[in-house]
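The structure appears below as structure tokens.
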Amino acid sequence: MPNDDVPVPRSGDSGGLTGRIASGPDALLRAEVLEPQLRFEIEALLPGYIQLEKVLLLEYRRLGLLDGAQVGAVAALLDRVTPGAVAEEAGESMSDIAFTLERYVSRRLAEVPPAWHVDRSRNDLQATAQLMYGRARLLDSAEALVAFGRTAHRLAARGAGLAMPGYTHMQPAQVISPGFYFAGLCDQVLHTLERMESVYRTADASPMGAGAMAGQELAWDRSRMAGLLGFSHVRTHALRAVAQRDWALEACAEFSLLGVALSRFVTDLMTWGGAGYGFIDLPDQWSGISSAMPQKKNFPVLERIRARTAHLSAAYTDISTGQRNTPYSNSVEVSKEANAGVPAAFDALGSVLRLFGAVLENLEFRETRMRDACAAEYLGGFTLANLLTLRAAVPWRTAQVVAGRYIVRAVERGLPPAEPDGPLLEALLAEEGHRTDHAVALLTEAMSVSGGLTAKSSDGSTHPDAVRALLAEQSSAFDEVAERWQNRRKGIEEAAAGLDRLLAGPEGRRS
């Protein structure tokens, strides 16, 4: 996520940052690696780094290593940090955002407190800043999923009483409704939101205070620091805190799984909008044309959405393969290179949900085409077998055989489902040693399009009442999950505000 508006840092030497090497990075290394990374960190991570520095100030004050005046002086300078200022300083700080913040503050203090940044490592600082970024993106993604799910929910409510063919193995199978189908999409979204709760629990554990890999030498209050940053708990083990980026791996895994499901739903819409079906339509502003064939109205937006779900699977593959052969410790390979595609994964998910949501918002059902397609097929074969068993005492497997034979013979004779042939059914039953006095009535009931919806009575079925009951439950579920994610965001915002109040109040000022 580079930002071309951020100035390119000046080159320079190591500037007194270390005694281990005598010069700064090579120009090629800066151009290919460090400067693009810095641009992203300035754009995405800088607010988190500033918050972390403020938490450090309060800890140094609690430990008695900085007094109130020193804390206030550093905090005031941190509040003046801008992206442009960081970029200007970065050239002499090895293009590293943590070093750059330290240099920015140090240069502007009359006297640098000796204990400021004592016992500190960039490793847990970086891990926490990245996690704060990821936590914010997870909140955005969850809210986008809720909005998308509610759009699908509105569409499902519109179609609960409409009839359309449902397909198995790409063949017409049973009568369903668009409401039933899109309630399935809602259920898929709620399932993903439930799984994202686990991802967020991972992202809600603070690495701060883990140090480089083995812990810190001062008595840092890690729980207090976590609370000041809006985390609910601490990632206790110091090595795991800096070695792993579980939150990113888990988020990309969930996005990949969701992408697979969304791709399948989009594939159905592509089929339903195609020739031979014509069950759905989109307004002109969401449609495309052929440059050579003026009769065509295409829906390329569906192709775009399906193709973009592939980016979600690619992101998971990228991050998992990027770290699978690395040692279990902090490394640039894990913390930066393996994670390089994670921001794009969040972006791709947002794009998919916005586009797909707009399609669902604008989608129109062609009710007559859907109903006619139901009427043209013998979709009541299963119901006919049930009726023969329940009302004519025909053993179930025999009823299946008779129903299948009836449909074959009726199709051979060119009979549509709406024209029942009672004598044919009676003859087929007689061949198996059974009879009924209600052959026409059974066939009429079994092959009724509207009856195909209402014949199902179990919870979660395509019966309009069952669909509406499920939609009512899903509506409540969306409300509950939305409230949980809103409360998380509110808690983080309150923690940030509380941090600034502490720095401005007696705890930050006392000497």
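The values are calculated or read from the model by the stated rules, or taken from the named source; none is laboratory data. Since we're looking at a predicted model, the values are computed, not measured. FYI the Cβ positions are ideal-geometry reconstructions off the backbone, even for glycines, and counts take in every protein chain you see. In case anyone asks, the SASA skips ligands and DNA or RNA and just uses the protein heavy atoms, side chains included. Shrake-Rupley method; radii C 1.70, N 1.55, O 1.52, S 1.80 Å.
With +1 on each Lys and Arg Cβ and -1 on each Asp and Glu Cβ, how big is the dipole of segment 252-347 about its Cα centre, in debye rounded to the nearest 20?
200 debye
Pick out, from Ala44, Ala441, Asn362, the residue whose Cα sits farthest towards the positive end of the charge dipole of the chain, with +1 on the Cβ of Lys and Arg and -1 on the Cβ of Asp and Glu.
Value: Ala44.
What residues qualify as long-range amide H neighbours of Val234, i.e. H under 5 Å apart, gap of 5 or more or another chain, H built at 1.01 Å from N?
Long-range HN contacts for Val234: Ser206.
Give me the angle, in degrees from 0 to 90, between the Cα long axis of helix 396-412 and the longest principal axis of the Cα atoms of the chain, rounded to the nearest 10.
The angle comes out at about 70 degrees.
How high is the relative contact order of segment 280-388? Use alpha-carbon pairs under 8 Å, at least six apart in sequence, and give a whole percent.
Taking the mean separation of contacting Cα pairs over the length of segment 280-388, I get 32 percent.
Once label points are set 7 Å from the Cα along Cα→Cβ at both Thr454 and Gln285, what is their separation, rounded to one decimal in nm?
Reported label-point gap for Thr454 and Gln285 is 4.0 nm.
Contact order normalised by length for the chain, with contacts defined as Cα pairs under 8 Å and 6 or more residues apart; what percent is it?
Over the chain, the number comes to 18 percent.
In segment 300-456, carbon and sulfur make up what percent of the accessible area (probe 1.4 Å)?
C and S atoms contribute 51 percent here.
Cα axis of helix 178-203 to longest principal axis of the chain: angle in degrees, 0 to 90, nearest 10?
Once rounded, the angle reads 20 degrees.
Mind checking the dipole of the chain: about its Cα centre, +1 per Lys or Arg Cβ, -1 per Asp or Glu Cβ, Debye to the nearest 20?
Roughly 280 debye for the chain.
Taking segment 73-111, which GluC sites (Glu not before Pro) meet the DSSP loop condition and have no more than 10 other C-beta atoms within 10 Å?
Numbers: sites: Glu88, Glu89, Glu92, Glu102, Glu111; in loops: Glu111.
In loop regions of segment 73-111 (DSSP not H, G, I, E or B), the sparsely surrounded GluC sites (Glu not before Pro) are Glu111.
Can you give the accessible area per residue of the chain, in Å², using a 1.4 Å probe?
Here the per-residue accessible area is 46 Å².
With everything on Cα atoms, drop me the angle between helix 342-362 and the longest principal axis of the chain, reported from 0 to 90° to the nearest 10.
40 degrees
If amide H atoms are built 1.01 Å from N in the plane of the peptide, which residues on other chains or at least 5 residues away come under 5 Å of the amide H of Ala173?
For Ala173, the qualifying residues are Gly166, Tyr167, Thr168.
Starting at the first residue of segment 152-157, write each ³J(HN,Hα) from the Karplus equation 6.51 cos²θ - 1.76 cosθ + 1.60 with θ = phi - 60°, in whole Hz, x for Gly and Pro.
4, 5, 5, 5, 4, 4
Past the 14 angstrom mark, what percentage of all C-alpha to C-alpha distances in segment 425-481 do you count?
Tail of P(r) above 14 Å: 68 percent of Cα pairs.
Which FRET efficiency value, to the nearest 0.05, is calculated for Leu239 and Ser475 with the Förster distance at 45 angstrom and r the Cβ-Cβ distance?
E between Leu239 and Ser475, to the nearest 0.05, is 0.50.
Per residue of segment 287-301, what does 6.51 cos²θ - 1.76 cosθ + 1.60 with θ = phi - 60° give for ³J(HN,Hα)? Whole Hz please, x for Gly and Pro, Karplus curve as stated.
Values per residue, Gly and Pro as x: 10, x, 10, 9, 6, 10, 10, x, 6, 8, 10, 9, 10, x, 4 Hz.
If the reach is capped at under 20 angstrom between alpha carbons, list the aspartates and glutamates near Lys490, excluding any in the same chain fewer than eight residues apart.
Filter leaves Asp140, Glu143, Glu194, Glu197, Asp204, Asp479, Glu480, Asp500.
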